[in-house]
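Here's the structure, in structure tokens; my notes come after.
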Amino acid sequence: MENADVFLGLHDFLERMRRPTASDFVKSIKSFIVSFSNNAPDPERDSASVQEFFTKMEGSFRAHPLWSGSSEEELESAGEGLEKYVMTKLFSRVFASFADDVKRDEELSEKMALIQQFIRPENLDIKPNFQNETSWLLAQKELLKINMHKAPRDKLVCLLSCCKVISNLLLNASIASNENPPGADEFLPVLIYVIIKANPPQLHSNLLYIQRYRGQSRLTGEAAYFFTNILSAESFISNIDANALSMEETEFGKNMESARALLSGLSSDVQALSNKSNLDEGVVRYSEPVETSSQASNAGVGPAVRPKFTVAKPRTEASHAKDQSTVMEVPSLSDLENKGAAILLNDHTGGRQAFRDYPYLFAQAGDLTFNDVEELLSQYKQLVFKYVSLSKGLNLTTASASLSNSEMHSQPHHESLKEFEDVRDVTSNDESAGEPHRIIDGSDGTSLLGEENDETR
């Protein structure tokens, strides 16, 4: 089912749930979520419980007057809406909630971070005509969207989109070369390469989450084929060795050690910068004037708390001069920007790793959906905060007027959201005399019982 069809189907499902005759459904869904959340985590039992609940509810939909005369597509949409709502509510309870899963995530991510430093397409026997960096970047972008979603289907869509980009690349390349249509032998190596280069966070937990909580009746056909390939890719990467990359043992070992040294060096540089930042912050704080008790009293704010000072070690004239030089030689924003740009230009990966956490950088306007608005707004706020903080730290003025103008334009948006947030379930836990159960249509795991949408927190 296409994304637009699913969105419309979800909207229809939510509309039906608003009706008084849906009160029993609403109670059942709420009761299941509460009882499930109160049980001790157990992956196998949790998966079976959720799958059984979905099957039971979808069977009830078919027999209920609310869906009388509905087509199979409409009933399918109802099941999708149910899955999306329930799993969004249970997401924090079931996703990466087991220590073993978290450990596997970390080990897999660390291994990909090392291997991506030296792996080349030739190591996976990818033919030259199937090598296309532009398409690979697009596939990585789709894959990296997976952690923006909570519903199993939405996460699966990110994986399928990645696979379809690769599949189309191979098909077009084979047509251009007058070769036979590519099969799994051509597809899987490219998929492995793309996953390693993308290194999506919590890949193992995402795959387990889809396996456990995506409706089994819907994980069929093309979706099942691509998902099986991704599971194979994960297994290959987890067990990757010299032989898998067509390398000698000594060469593979040296490459891994070099990658560890490189990543360790980057980590040390970051720690050094952090320590220097803390030192500079300490110098600034020490130099700030301290308000006396009398000054505070005159200001009408009561006695000031006496600050605690630590005794600093005596410094030599040379070290004092060095510290003064360090404090005085503060680079400007422009200097920092130019330095960073030079580093990116000299990066043999084209800066892909640096931009990994910013999937929208490579997006076109037509790629964006309504669900992307929240993530874009969040990234915008983070960007503004970092910029303003950096500017203040360098004693530079910021474009406050522009920011105020942006905030002014965003005000109607907040008001419109508030209209949805103010809607509350008019029926209490113990009293449900046929009043309509409110549903807030948040488009991704909306609030069925008048609660705040998890996705919009």
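The values are calculated or read from the model by the stated rules, or taken from the named source; none is laboratory data. These figures come from a predicted structure and were not determined experimentally. Positions of Cβ are generated from backbone atoms using ideal geometry, with glycine treated the same way; all protein chains shown enter the neighbour counts. Ligands, DNA and RNA are excluded from the accessible area calculation, which covers all protein heavy atoms including side chains. Shrake-Rupley method; radii C 1.70, N 1.55, O 1.52, S 1.80 Å.
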Inset, instruction - Give me a count of the residues in segment 60-88 that are open to solvent by less than 40 Å² (accessible area, probe 1.4 Å) and part of a helix (DSSP H, G or I). - result: 16
Legend entry - Residues that are open to solvent by less than 60 Å² (accessible area, probe 1.4 Å) and either small (Gly, Ala, Ser) or more than 18 Å from SER109 (Cα to Cα) (or both), drawn from segment 204-220: SER205, ILE210, ARG212, TYR213, ARG214, GLY215, ARG218, LEU219
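Conditions tested, residue by residue: (1) modelled with pLDDT under 90; (2) of a type in the set (A, V, I, L, M); (3) closer than 21 Å to GLU186 by Cα.
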| position | (1), (2), (3) |
| --- | --- |
| GLY79 | no, no, no |
| ARG93 | no, no, no |
| ILE146 | no, yes, no |
| ASP154 | no, no, no |
| SER167 | no, no, yes |
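Among the listed residues LYS155, LYS141, identify the single one that is in contact with a His (Cβ under 7 Å, 6 or more places away or on another chain), surrounded by 21 or more Cβ atoms within 10 Å (Cβ to Cβ) and in contact (Cβ under 8 Å) with a residue 12 or more places away in the chain.
LYS155
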Legend entry - Residue list for segment 221-252, restricted to those being free of Cβ contacts under 8 Å to residues at least 40 places away in the same chain, within 16 Å of ILE196 (Cβ to Cβ) and open to solvent by less than 40 Å² (accessible area, probe 1.4 Å): ALA242, ALA244, PHE252
Legend entry - Tally, over segment 28-38, of residues that are more than 27 Å from the chain's Cα centre (by Cα) and closer than 13 Å to ARG93 by Cα: 1
